[in-house]
Structures are given as C-alpha cells and as structure tokens.
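In what follows, a structure is listed as structure tokens, so that the remarks can point back to it.
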Amino acid sequence: MTEHPVALLAERLTDPVALAERVTRARTPEAAATRSPWHPQSLADGHPGVALLLASLAHTDPAYGRATHAHLTAAVTGVRRPAREGLYAGLPAVAFAARTAVDRPGAYAGLLTRLDAQVALVVRRIVEADAPRVAAGEAGARMYGYDVVAGLSGLGRLLLAAGPDHRETTELLLTHLVALTRPVTGPGGRTVPGWWTSDPVLVSEPDGIPGGHLNVGLAHGIPGPLALLSLAHRAGFRVPGQERAIRTIAEWLLARRSADGAGWPNIVPLAAELAAASGGPRPDLAEARTGWCYGTPGVARSLQLAALALKEPDWNRQAVAAVALTCDRADFADPTLCHGLAGLTTIVALMAQEPGGAELRSFLPVLTDSLAAAADPAHPFVWPAAAPGEGTLVHRPGFLDGAAGAALALRHATNPEAPQGQLPWQAALLLC
C-alpha cells in the first residue's frame, strides 16, 4: 500500500451523503458486499463515529475540518432521534463528536450549549427513573441504566467534559453510581452487590442467566462506573462515598480475576458470586474475549484509572501484569475497537504512558504492525471486520465495530503526541 491506510480511509469517508448512500443502499451487489449497519445519529456506526476520525485528523490537517463539520451536520439534519438516547445514540453521540472537534475557544459553542442541556436532561431522567428502587434498597439494576454505551457511565464522561456548567447534574449522576455499589438483598434473600442484574447479557439471549449475574465487561458492566468515578475523582468532581465506592468495585474485580491471574470473565453468575463471597475457592470462570467491551484489557484500564485516582500502586501493578499476559497470548482475526486488535492496541498505548506502565511499551510495535498489516485498499473501507461465528468479513466504516476505530487506534498508537481536541476520542470508551 503506497498511501497511508488512515489517509486512504479518510478519503473514502469524507463525503457524508455519498457514504450514507453507499452503506444503506439496498438490493445491489455492493450493499451485499459491505453488509454494513448504518444509524445516522450513532457514535458506533453513523456520522458521529466517522466524525471522530475526521476531527482527529483535522487537528493536524485543517483540510479535514470541513468534512468533520459536514458529518456533524448530517447527524442532526432530517434525522429522527432514537427512543432511548445514550453516549452512543442520539444527541449525546453528536455532542461527543462535536466536542472532540473543538480546536479553539468558541468552536461549536452554540451547538454544544444546546446539546449539553439535552445530555443533562437524559441523565436526570435515568436517575429519576431508578431512584425509587435505589432508595428502597431493592435489587435489580438495569445494565442500560449505568453502562458506558447507553447509560450513566458514558453520559457522565460527556458531562465531565462539559465542565462546571453542569456540575449539579454530574454530582447527581455520581451519587447514583455510588449508591449502585451498596449491597442489596437479591434472589433467595442473599446479599449481593448493588449492580447485580437479571438482564440478559445479549439481546439474542433474552432468557438471561439463571439467577442473574454481575457483568464484568467495561462496555456494559461495573468497570464502566469504576472508570467514571475514578476519572471524576481526578478531575475534582467528588461526592460523599465516592472513594469507598471506587475501592468496593476495584477490590471486587481483583477478587474475581481468574485463578492464574491472567484475566477476567464476561460475567459472574449468581451461584459463582455467592460461592466467592462466602470465602470459597475462586470460581473457575471462562475468560472473556480479549477486547475493550469484555475481557482483560478494558477491566485492567479501569483498575489502572482507579489506582491513579486513589494512589494504589498495587492495583496498577496487577492491572499492568494482566495486560502483559494478554499481549503475550493475543491472536486477533478482528482489527476493530470493540473486541479486536484496535481495542487492545489503544488500551496498551494509554496504559504504557502512565506511571508503572512502561513494561507495556515493548508490545506496541507488534500490535501496531499487525493493525497496519490488516489494512487492505481492496476492501471498501480498508479495514474489514470478522463476522462473529460466520468466518466471513463485513465492511463497516464506523467507530466501534468498523474501520474508523481501527484507523484512530493505529494513528494514536504510532503518534501519541498528535494534538487532540477538547475531548480525546478514547474517552468514548471510558479509557481516559
């Protein structure tokens, strides 16, 4: 490949109208080949997600600024807002992308003022809806209420970036997440952590886990609140009980690590949790996928953020050691952010820059070389993704499961000093 893969991809994503038509066109050979989902107001696979890449490039090459603006405009022009909004869907997704594009005082100020107010409204509605259950000490947290993708953890990161104008709402949100860490009475009258849920892990498995579970993934589980509480603590947003909540989650995660210390499972079923809490042997749970959404990399970064917030070097040491073991064993068919090589590369690059993370730097050349090698100009969006369980390739331009995320990961890991906007794109993953 003679042209750099990031620049090549950006060229193919520049025109929002042409891109949207390409990925949504039905009953054509090209549509069958790309098999790409497209939701215009989505950070995962829509205009806001593509804008993240173009905005990142615009900070060093202003020529990309116009394309960034065009995608943000397309995300709010003639687009119906989804019924449920979160960081990855609706106006919060547009707000996040716009804030990453801010490169000077006043840029996008009018838009962000309006969008931030909408984000604060969404947050208050989520908290108010769950407040009676929390006040009564009832079990049954909903993952979509607190997670990164749809819930308070992701929205809270956006409010942190909005600053003191929304401090009251931010503190309301943090107080709610602190309450989530208090024990509750679960099935059979047994005491369980407050984030126990009866929700299914996957929409495709609506019956869920017998007895419910405790979710361990950064995307949908308790590492999301841990990351947000820790980032807020470092940013000076603190509420009563916040430090205790951070410790509660961090110590729980460390106690639920695999027996060999190598990583974390996707979930802890209720039976395994009760056994562990009663002092029995550490449950032998299947290790999760090695990615951002579930598995060691995402969990470890949340623990590192907690370690930095509360000055706990041993937590940091354990997190870094677990990621080093993961890197030794990593073998990816999927280059994307959510559960692939780009996610691991991004997390390793960030953790390696922190105190105590230097040992991870040696893994970056192999990771970035592998990510670059996965790019192929013959593919519509340069980086294809592996379809889960199908052994086929899918072609997606977006951020979370698509090529834009792979390009951002490669660019950051190989050029960590490149300027970023008011909000780093990695914050969408609660990694910073």
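The values are calculated or read from the model by the stated rules, or taken from the named source; none is laboratory data. It should be emphasised that the depicted structure is a prediction, and the values quoted were computed from it without experimental measurement. Heads up, the Cβs are rebuilt from the backbone with ideal geometry, glycines too, and the neighbour counts pull from every protein chain shown. Areas reflect the complete protein model, heavy atoms only, side chains present, ligands, DNA and RNA absent. Shrake-Rupley method; radii C 1.70, N 1.55, O 1.52, S 1.80 Å.
Observations on the structure shown:
- Selected residue [in a helix (DSSP H, G or I) and either polar (S, T, N, Q) or closer than 20 Å to ASP260 by Cβ (or both)] from ALA352, ALA372, ALA319, ALA342: ALA319
- Where PRO265 falls short, out of the listed (1) out of contact with any helix residue (DSSP H, G or I) (no Cβ under 8 Å at 6 or more places or on another chain); (2) open to solvent by 50 Å² or more (accessible area, probe 1.4 Å); (3) closer than 30 Å to GLY49 by Cα: (2)
- Matching option when the condition is buried (at least 19 other Cβ atoms within 10 Å of the Cβ) and not aromatic (Phe, Trp, Tyr), among ALA131, ALA97, ALA136: ALA97
- Among the residues making up segment 197-228, those that are surrounded by 24 or more Cβ atoms within 10 Å (Cβ to Cβ), in a loop (DSSP other than H, G, I, E, B) and in contact with an Asp or Glu (Cβ under 8 Å, 6 or more places away or on another chain) are ALA219, HIS220, GLY221.
- Complete set of residues in segment 148-175 that are open to solvent by less than 20 Å² (accessible area, probe 1.4 Å) and not hydrophobic (A, V, I, L, M, F, W, C): GLY151, SER153, GLY154, GLY156, GLY163, THR169, THR170
- Residue list for segment 229-255, filter: surrounded by fewer than 22 Cβ atoms within 10 Å (Cβ to Cβ) and either within 14 Å of VAL299 (Cα to Cα) or in contact with a Gly (Cβ under 6 Å, 6 or more places away or on another chain) (or both): GLU251, TRP252, LEU254, ALA255
- VAL394 being touching a strand residue (DSSP E or B) at 6+ places or on another chain (Cβ under 6 Å), touching a residue at least 12 places away in the same chain (Cβ under 8 Å) and either closer than 25 Å to LEU54 by Cβ or open to solvent by 40 Å² or more (accessible area, probe 1.4 Å) (or both): yes
- Verdict on ARG329 being among the basic types (Lys, Arg), closer than 23 Å to LEU8 by Cα and either touching a helix residue (DSSP H, G or I) at 6+ places or on another chain (Cβ under 8 Å) or at pLDDT below 95 (or both): no
- Residue within segment 348-356 that is open to solvent by less than 10 Å² (accessible area, probe 1.4 Å), more than 19 Å from the chain's Cα centre (by Cα) and modelled with pLDDT of 95 or more present: no
- For segment 57-70, the criterion of a residue being in a loop (DSSP other than H, G, I, E, B), among the hydroxyl-bearing types (Ser, Thr, Tyr) and under 21 Å from GLY163 (Cα atoms) is satisfied by no position.
- In segment 87-188, counting only helices (runs of 4 or more DSSP H) that sit wholly within it, the ones holding 3 or more residues that are modelled with pLDDT of 95 or more span 91-101, 109-135, 152-162, 167-180.
- Scanning segment 210-248 for residues that are within 20 Å of the chain's Cα centre (by Cα) and among the β-branched types (Val, Ile, Thr) returns VAL216, ILE222, ILE246.
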